[in-house]
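One structure below.
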Amino acid sequence: MSLRETNVTRLAQKPLDVLIIGAGINGGVSAASLAAKGAKVGLIDRGDFASETSSQSSNLAWGGIKYLESHDYRLVNKLCKSRNHLMKSYPSTVKEIRFLTTIAIGFRFPAFLVFLGTILYWFFGRCFTQAPAYFSPSKLKRAEPTINTDNVQGGFEYSDCYLHDNDSRFVFNFIRSSMDNGCASANYVESLGSERKQGLWHTKARDLISGSEFIIVSKVLINACGPSVDKHNQLIGQHTEYHHVFSKGIHLVVDRISEVNKVLTFFASDGRLFFVMPMGPKTCIGTTDDQVDKPFATIDDSDREFVLNNVNALLKLEKPLTKQDIISERCGVRPLAIKGEGGVADWVKLSRKHEIEVNSDEVHLSIFGGKLTDCINVGNEVANLVAQLGVNLTAPKRKWYGEPNKAIKRQFMIQAQAMGLDDMTPESSSEPLSDRLWRRYGRHALELLEAIRVHPSQAKLLIDNAEYLRCEVELAARHEMIVTLDDFLRRRSKISLVVRHNDLINDKGLKQACDILFGELADEKRAQYLAMKSSSGLCP
């Protein structure tokens, strides 16, 4: 029986303290926090883990500098503290990066005034990062020759941070941590509705893989469905003060267009923030910010044209980027929390701050909004609220987040050095193999060392231009609940984001990866992936 099948069975066996519906960043940190503190927890998602908004971000964990314009200083202060704490807790994953920003002539504020805002932002951040610096147009040109300075009055450089891998991997590591502490987590399990019976929640669930239906009993029910929070609350009759409005954001991934390892930041033609971000050997460009009525969105040609037109205007490239240069695309909606119905998804006035609404009478929590930067606060708040609702947390002060302690890392690095692991690092890799494995897997990286020790061939890359070893794919097959090929290529890894579709499907290593992940179902799963990509129009 696979790990996923075991967890589905466990969900139906005994009453839980808490059932969490939705396995994005809010659900993931809630599960990790509660499980570590001793609660009996279940976590389900109708899709894969982090398969919606939490896998479509800009991969930035930032302190909210844009909220200075709306004078929401309390939020900026809180987010800067959260960002710093995240950097200290995940030093291998959440890293400081410089933002090189240009201000066009005629912008709504003078460049030097905006620069003074970065000084204020730095102070809000407790001077934890490098200090900001002001740039004249000529200095901007020297710092990054690709920037088009023809219409620039000045600029500046300041620091925030980014996720070294991808957002969905970051979320999955919280879910993996929750499972290490006993949480029964399962992807592709849909909630069909919940009702209260004799003081307990009875949630009817359907396993979308087997088609079986079963009941999950819990004391507390947490709605962490991200953009679909309102929809699930309507399904089970929960009435809340907060609701969501939605803003669509897209990113395009292309071959690297800047050798500078900085985030190039601009204000797009409509005045909104626009980023050109390094993504290993590639560049990620975006984002849009358009209000949509539904919790899902797709990319259309006008979105692509907006991003391409802006990047071609803001940078001086050897040749303009076109649709043919697009390797992959990201599209998601930002759920923005508001009081009452309706509302406008204004990129300046509405923040991504979270709100947790509690129905004490029915022991139900709804989590609205949220962002990666603030995720530790969400986990702590949820644990405190669940305790107030009467669930006995047997280890309430236990730390539930962060990289493993230094002794475990030291043990891993000593073993890796003794094995000569870094000598096995492929020439195409951007960092030592030991650093990469530790960042992705933490204490579980020791399991990879053992696999490589027994069979050195386990340290070989399977897929060209994708920094994943055979032992990593085997680990994913055993422990990461891979149901579809997209789960692995898009969310446990970022392979399909950085390798062109045609190159990927024609790579001999992909067939080997499918054999490892799915066994006798390998051909079927590969065919399903190709059909999904074709039908969604995601084959550039």
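The values are calculated or read from the model by the stated rules, or taken from the named source; none is laboratory data. Remember, it's a predicted structure, so these values are computed and weren't measured experimentally. Using ideal geometry, Cβ is built from the backbone for each residue, glycine included, and neighbour counts are taken over all protein chains shown.
Can you confirm whether E357 is out of contact with any helix residue (DSSP H, G or I) (no Cβ under 6 Å at 6 or more places or on another chain), closer than 28 Å to G249 by Cα, surrounded by fewer than 23 Cβ atoms within 10 Å (Cβ to Cβ) and at pLDDT 95 or above? Against the criterion (out of contact with any helix residue (DSSP H, G or I) (no Cβ under 6 Å at 6 or more places or on another chain), closer than 28 Å to G249 by Cα, surrounded by fewer than 23 Cβ atoms within 10 Å (Cβ to Cβ) and at pLDDT 95 or above), E357 qualifies. Any chance the range 207-222 includes a residue that's out of contact with any helix residue (DSSP H, G or I) (no Cβ under 8 Å at 6 or more places or on another chain), surrounded by 23 or more Cβ atoms within 10 Å (Cβ to Cβ) and polar (S, T, N, Q)? Yes, some residue in the range 207-222 is out of contact with any helix residue (DSSP H, G or I) (no Cβ under 8 Å at 6 or more places or on another chain), surrounded by 23 or more Cβ atoms within 10 Å (Cβ to Cβ) and polar (S, T, N, Q). Which residues, taken from the range 460-477, are at pLDDT below 95 and under 20 Å from E524 (Cβ atoms)? Listed by number, the residues that qualify are L462, I463. A single entry from L252, L273, L264 fulfils the requirement of being within 30 Å of T93 (Cβ to Cβ), within 26 Å of the chain's Cα centre (by Cα), surrounded by fewer than 20 Cβ atoms within 10 Å (Cβ to Cβ) and among the hydrophobic types (A, V, I, L, M, F, W, C): L273. How about the range 118-154: which of its residues are of a type in the set (A, V, I, L, M, F, W, C), surrounded by 14 or more Cβ atoms within 10 Å (Cβ to Cβ) and assigned to a loop (DSSP other than H, G, I, E, B)? F128 - this is the single residue of the range 118-154 that is of a type in the set (A, V, I, L, M, F, W, C), surrounded by 14 or more Cβ atoms within 10 Å (Cβ to Cβ) and assigned to a loop (DSSP other than H, G, I, E, B). Taking the criterion of being outside any strand (DSSP E or B), crowded, with 16+ Cβ neighbours inside 10 Å and of a type in the set (K, R), the only residue of the range 276-304 that qualifies is R304. When restricted to residues that are of a type in the set (F, W, Y) and in a loop (DSSP other than H, G, I, E, B), the range 183-208 contains 1.
Taken over the range 3-28, residues that are in contact with a helix residue (DSSP H, G or I) (Cβ under 9 Å, 6 or more places away or on another chain) and more than 21 Å from G369 (Cα to Cα) amount to 3.
The rows are residues; the columns are (1) under 24 Å from the mean Cα position of the chain (by Cα); (2) more than 30 Å from A477 (Cβ to Cβ).
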site: E362; (1), (2): no, yes
site: L365; (1), (2): yes, yes
site: K371; (1), (2): yes, yes
site: V378; (1), (2): yes, yes
site: P396; (1), (2): no, yes
site: Q417; (1), (2): no, no
site: M424; (1), (2): no, no
site: L433; (1), (2): yes, no
site: W438; (1), (2): yes, no
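Hey, among L3, L11, which residue is surrounded by fewer than 21 Cβ atoms within 10 Å (Cβ to Cβ) and among the aliphatic types (A, V, I, L, M)? Residue meeting the stated conditions: L3.
Here G211 meets each of (1) at positive phi; (2) of a type in the set (G, A, S); (3) assigned to a strand (DSSP E or B) with one exception, condition (3).
Residue-by-condition table, conditions (1) under 19 Å from I97 (Cα atoms); (2) touching a helix residue (DSSP H, G or I) at 6+ places or on another chain (Cβ under 8 Å):
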site	(1), (2)
I119	yes, no
F128	yes, yes
P137	no, no
R142	yes, no
D150	no, no
E157	yes, yes
L163	yes, yes
R169	no, yes
F172	no, yes
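When restricted to residues that are more than 30 Å from S210 (Cβ to Cβ) and part of a loop (DSSP other than H, G, I, E, B), the range 35-92 contains 15. Here A111 fulfils each of the conditions (1) at pLDDT below 95; (2) small (G, A, S); (3) closer than 27 Å to D435 by Cβ apart from (3).
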